[in-house]
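Okay, structure first, notes after.
What follows is calculated from the coordinates using simple rules that are stated; it is not laboratory data. Quick caveat: nothing in here was measured; it's all calculated off a predicted structure. A quick note on method: Cβ atoms are made from the backbone with ideal geometry, for glycine too, and the neighbour counts reach across all protein chains shown.
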Amino acid sequence: MLISVLIIKVLYGMDVFSQAMAISPSSPPEAISALKILLAIGNTLFIFFVPALFFAYLVVHDAEEYLKPSIRFPWLLIPLVLVIMFISSPTMELLTNINMQLKLPSFLKGVENWMRESEEESQRIIEVVLKMRGPGDLISGLVIVALLPAVAEEFLFRGCLQTIFHRWTGRTHSAIWITAILFSTFHLQFFGFLPRVLLGALFGYMVAWSGSIWPSVWAHFINNGTAVIWTYMYQHKQISIDVNDEHIFNYTGYIISLIFLLFLLWIYKKIAIGKNRVAEY
């Protein structure tokens, strides 16, 4: 955070930093740029990426095991991951709609209000960051919202944490789902908790079966990047469906999506394990 503040101070001055901390859609472009610096450096890089590297290289001295940066996996998985992520969209929408209907007991009303406020704050920040006037804003949005989080979060969660939980429990499934729950919780967007848990589990199985972090990084990038591109096209009236619309599909679509998702995961596992050299995982 201090590094982010210093960069913003040099580029824009401390007044702009204050504006970035109280960001709104009407904030000046300098404040929005400062917010992007805060998210990219103070948040994504130093909360997720740097701790993962620090742990893997300086604590356990085993980056190969804890980051899984190997590119020795069947490259057929790359287009397969793309199809899996698009096929999963209706299933994610169903889980989102179920999640939105969940209510806490009356004695936890304060907790529910805090959860809603946290959700609204996150949504407000995303809307400001993804207010894209042209191709330059689209590229910066893809970098800040899709590329950096995909690499940094996967290195920390599916790299370090999933490996730690696998060693603690001795069970791949337990490690994947514990990590997925932590992954979803850490985002503090509780009304998208269930679909994010499933996403985390999908990413986890992609790593466990392939022995490489890169299929999950690619899947994470597709998930976030699709939302950014869709938002850009909607803002520029190239499409009419809002990315925040959670009623695009019907129950037939949900069932078909789930069936094909399970089938494609089975294919992914067959291909990945067939040539996977990380047999102990």
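Between region 72-106 and region 191-217, what's the alpha-carbon centroid distance in Å? Spelled out, the Cα-based centre of one part sits 9 Å from the other. Our estimate of slack between Asp245 and Ile125, defined as 0.36 nm per intervening residue step minus the Cα-Cα distance, is 41.4 nm. In terms of its C-alpha gyration tensor, region 1-61 has a prolate overall shape, because the principal axis ratio a/c (a ≥ b ≥ c, square roots of the eigenvalues) is not below 1.5 and a/b outweighs b/c. Membrane-span-like helices of the chain, defined as complete DSSP H segments with a Cα extent of 18 Å or more along the helix axis and a mean Kyte hydropathy of at least 0.5, are identified as 172-186, 193-210, 251-275. 222 nm [θ] for the chain, helices only, -39500 (n - 2.57) per DSSP H run of 4+, per residue, to 500? Estimated from H runs of four or more residues: -20500 deg cm²/dmol.
Relative contact order, whole percent, for region 1-61 stands at 34, derived from Cα pairs under 8 Å and 6 or more residues apart. In the distance distribution for the chain, Cα-Cα pairs more than 24 Å apart total 55 percent. The slack in the chain from Ser24 to Arg133, taken as 0.36 nm per residue of separation less the alpha-carbon distance, amounts to 37.6 nm. The distance separating the Cα centre of region 13-64 from that of region 163-183 comes to 27 Å.
Applying 1/(1 + (r/R0)^6) with r as the Cβ-Cβ distance of Leu188 and Leu82 and R0 = 35 angstrom yields a FRET efficiency of 0.75. For the chain, what relative contact order do you get, as a whole percent, if you take Cα pairs closer than 8 Å and at least 6 residues apart? Taking the mean separation of contacting Cα pairs over the length of the chain, I get 26 percent.
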